[in-house]
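Here is the structure we will look at.
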Amino acid sequence: MKKSRVLLASLVGSVIEWYDFYLYGTATGLVFTSLFFPNHDPAISLLLAFVTFGAGYAARPIGSILFGHLGDRIGRKAALIFTLVGMGGSSMLIGVLPTYEQVGLIGPILLVILRLIQGIALGGEWGGAILLATEYAHKGVRGLYGSIPQLGVPIGLVAGSFSLTIINYLTTDSQFIAWGWRIPFLLSGVLIVIAIWIRKGIEETPDFQQQKDSGDIARVPIIETFRHDWRNVVRAIGLKIGDGYFNVFIMSFILVYATTYLGYSRETALGALTVGCATMLLTIPIVGYLSDFIGRKVIYVGGLILMFLLAVPYFSMINKGSAWLYIMEVVVLGVVWGAIFATQGTLFSELFPAKVRYTGLSVGYQVAAAIVGFGPMLWTTMAESYGPSPWVFGGFMMAGLVLSLVFCLFTPSVRTSAHSEKRKTA
């Protein structure tokens, strides 16, 4: 029962954090461009709105250092309570934020500040949720346990997108613009209370408790991480960049790309994204379980190679009709990227000893996230200059995937965290 509650705690917090984070991304294309960044040129409005979207990614490394310090010094549980408060509070405030028309530049400035807080909170959430699951897991199921928090990404994205879609359906256009879009942001407050209640009922992870009992706690985790484990931080960054660009595109920018540049209806684009995310719900736990038997690195490399081979075909086929859009979202997002993402948390966590694991895992992942988070800005510019060219967009993705494949060659194969624990940390 205890481990079931731990997995639930890692999943529910992850779902809510990603719900809030992706809710912002969906609202960017729907309302933020007109309410907070009005401009006579729609492309400029969209570009400005995606600057704030990218700001959330840029702030994530700050959260990884802040909450990594807290998680490695005081405990995983305490850090994860604070990440929920930060994300939930900022999302609720977005729900009551005055627009540009009401307060001028103060509106978009406040929106950017709240987006930065969201990014900081998420920067500490992901690594903590992974460790909450994997540090409770016994040998042989660590891959499966580490995949459970990853389910929060597709669930949170669909929940965030659908919440706005449902409100849009139940209100007129004027009502939705005036107040309807605010409701999903305000509802996050209720969800946060539930998640905090679940997380407060769990104990500290065994790995951290062992470190605490031994007295071997890092004084300044970020310094110790870069002193002894900087290579693994660089590895994590390189491993994430390739699939990260594709991830941001097929889970966020695809709605703008498909509707603005390919002429699909929003319902069709959202439907394809939803089916892809639903496929991930099956792929992630299955691949997570298999990774304990065939190795996480093998799956990771295989996934990157497949994604590389599908890069140009993906952009070519989604332009052929809605059926192909659905198929390619299922294959590339639901199966291939789902397999990579299933192993990512556990693979990265196994690179670091428990003493600095929260910090090392989080910093490596979130620095890469900060880099790829400005992808929508680049893609908006690319689309305006070259149109929806499969070779331009596919080539961009292939370059990042090659980088990640190179880093894979220098990443050790590890199936359990026992290897990390045996490493010299001083």
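Return yes when Lys212 is in contact (Cβ under 8 Å) with a residue 24 or more places away in the chain and surrounded by fewer than 21 Cβ atoms within 10 Å (Cβ to Cβ) and no when it is not.
yes
Within the stretch 331-342, is even one residue open to solvent by 10 Å² or more (accessible area, probe 1.4 Å), assigned to a helix (DSSP H, G or I), at pLDDT below 95 and farther than 25 Å from Gly54 by Cβ?
No, the stretch 331-342 contains no residue that is open to solvent by 10 Å² or more (accessible area, probe 1.4 Å), assigned to a helix (DSSP H, G or I), at pLDDT below 95 and farther than 25 Å from Gly54 by Cβ.
Do we have Ala269 as over 29 Å from Asp72 (Cα atoms), without any contact (Cβ under 8 Å) to a residue 60 or more places away in the chain and surrounded by 18 or more Cβ atoms within 10 Å (Cβ to Cβ) here?
Values: over 29 Å from Asp72 (Cα atoms): yes; without any contact (Cβ under 8 Å) to a residue 60 or more places away in the chain: yes; surrounded by 18 or more Cβ atoms within 10 Å (Cβ to Cβ): yes.
Taking the combined requirement at face value, the residue satisfies it.
Output the residues belonging to the stretch 231-256 that are farther than 28 Å from Tyr136 by Cβ, open to solvent by 10 Å² or more (accessible area, probe 1.4 Å) and not aliphatic (A, V, I, L, M).
Tyr245, Ser252
Only one of these is closer than 25 Å to Gly201 by Cβ and of a type outside the set (A, V, I, L, M, F, W, C): Arg115, Arg73. Name it. Talk me through it step by step, then tell me what you get.
Details: Arg115 fails: closer than 25 Å to Gly201 by Cβ.
Checking each option against the conditions leaves just Arg73.
May I ask you to list the residues in the stretch 77-97 that are surrounded by fewer than 23 Cβ atoms within 10 Å (Cβ to Cβ) and either without any contact (Cβ under 8 Å) to a residue 12 or more places away in the chain or polar (S, T, N, Q) (or both)?
Hit for the stretch 77-97 is Ala78, nothing else.
Can you go through Thr225, Thr205, Thr260 and tell me which one is in contact (Cβ under 8 Å) with a residue 40 or more places away in the chain and open to solvent by 10 Å² or more (accessible area, probe 1.4 Å)?
Thr260
Name the pairs whose Cβ atoms lie under 7 Å apart, with the first residue in the stretch 173-193 and farther than 16 Å from Phe162 by Cα, the second small (Gly, Ala, Ser) and open to solvent by less than 70 Å² (accessible area, probe 1.4 Å), and 6 or more positions between them or separate chains?
Matching pairs, first to second residue: Gly189/Gly88; Ile192/Gly88.
Among Leu97, Leu84, which is the only one that is in a loop (DSSP other than H, G, I, E, B), within 25 Å of Trp181 (Cα to Cα) and not β-branched (Val, Ile, Thr)?
Leu97
Condition (residue is among the charged types (D, E, K, R), within 21 Å of Ser10 (Cα to Cα) and open to solvent by less than 10 Å² (accessible area, probe 1.4 Å)) applied to the stretch 293-315: is it met by at least one residue? Spell out how you get there, then give the answer.
Of all residues in the stretch 293-315, those among the charged types (D, E, K, R) come to 296-297.
If we keep only those that are within 21 Å of Ser10 (Cα to Cα) too, we end up with 296.
Checking which are open to solvent by less than 10 Å² (accessible area, probe 1.4 Å) leaves us with 296.
Scanning the stretch 293-315, I find at least one residue that is among the charged types (D, E, K, R), within 21 Å of Ser10 (Cα to Cα) and open to solvent by less than 10 Å² (accessible area, probe 1.4 Å), so the answer is yes.
What residue, among those in the stretch 354-396 that are polar (S, T, N, Q) and more than 16 Å from Phe246 (Cα to Cα), is surrounded by the fewest Cβ atoms within 10 Å (Cβ to Cβ)?
Per the stated criteria, the residue is Ser385.
Find the residue count for the stretch 25-78, including only residues that are of a type outside the set (D, E, K, R) and in contact with an Asp or Glu (Cβ under 7 Å, 6 or more places away or on another chain).
Residues in the stretch 25-78 being of a type outside the set (D, E, K, R) and in contact with an Asp or Glu (Cβ under 7 Å, 6 or more places away or on another chain): 2 in total.
Looking at the stretch 124-140, which of the residues that are part of a loop (DSSP other than H, G, I, E, B) and either at pLDDT 90 or above or among the hydroxyl-bearing types (Ser, Thr, Tyr) (or both) is nearest to Val233 (Cα to Cα)?
Taking the stretch 124-140 as the starting set, the residues that turn out to be part of a loop (DSSP other than H, G, I, E, B) are 135-140.
From the residues that got through so far, the ones that are either at pLDDT 90 or above or among the hydroxyl-bearing types (Ser, Thr, Tyr) (or both) too are 135-136.
Numbers: Glu135: 19, Tyr136: 23 Å.
Going through the qualifying residues, I end up with Glu135.
Please specify each residue of the stretch 316-325 satisfying the condition of being open to solvent by less than 30 Å² (accessible area, probe 1.4 Å) and without any contact (Cβ under 8 Å) to a residue 24 or more places away in the chain.
Within the stretch 316-325, just Gly321 meets the criteria.
Within the bounds of the stretch 31-40, is there any residue that is under 13 Å from the mean Cα position of the chain (by Cα) and buried (at least 22 other Cβ atoms within 10 Å of the Cβ)? Step through it out loud before you land on a result.
Pass one, the stretch 31-40, residues under 13 Å from the mean Cα position of the chain (by Cα): none.
For the stretch 31-40, residues under 13 Å from the mean Cα position of the chain (by Cα) and buried (at least 22 other Cβ atoms within 10 Å of the Cβ): absent.
The values are calculated or read from the model by the stated rules, or taken from the named source; none is laboratory data. The structure displayed is predicted, hence computed values, not measured ones. When we count neighbours, we look across all protein chains shown, and the Cβ atoms used for this are built from the backbone with ideal geometry, even at glycine. In case anyone asks, the SASA skips ligands and DNA or RNA and just uses the protein heavy atoms, side chains included. Shrake-Rupley method; radii C 1.70, N 1.55, O 1.52, S 1.80 Å.
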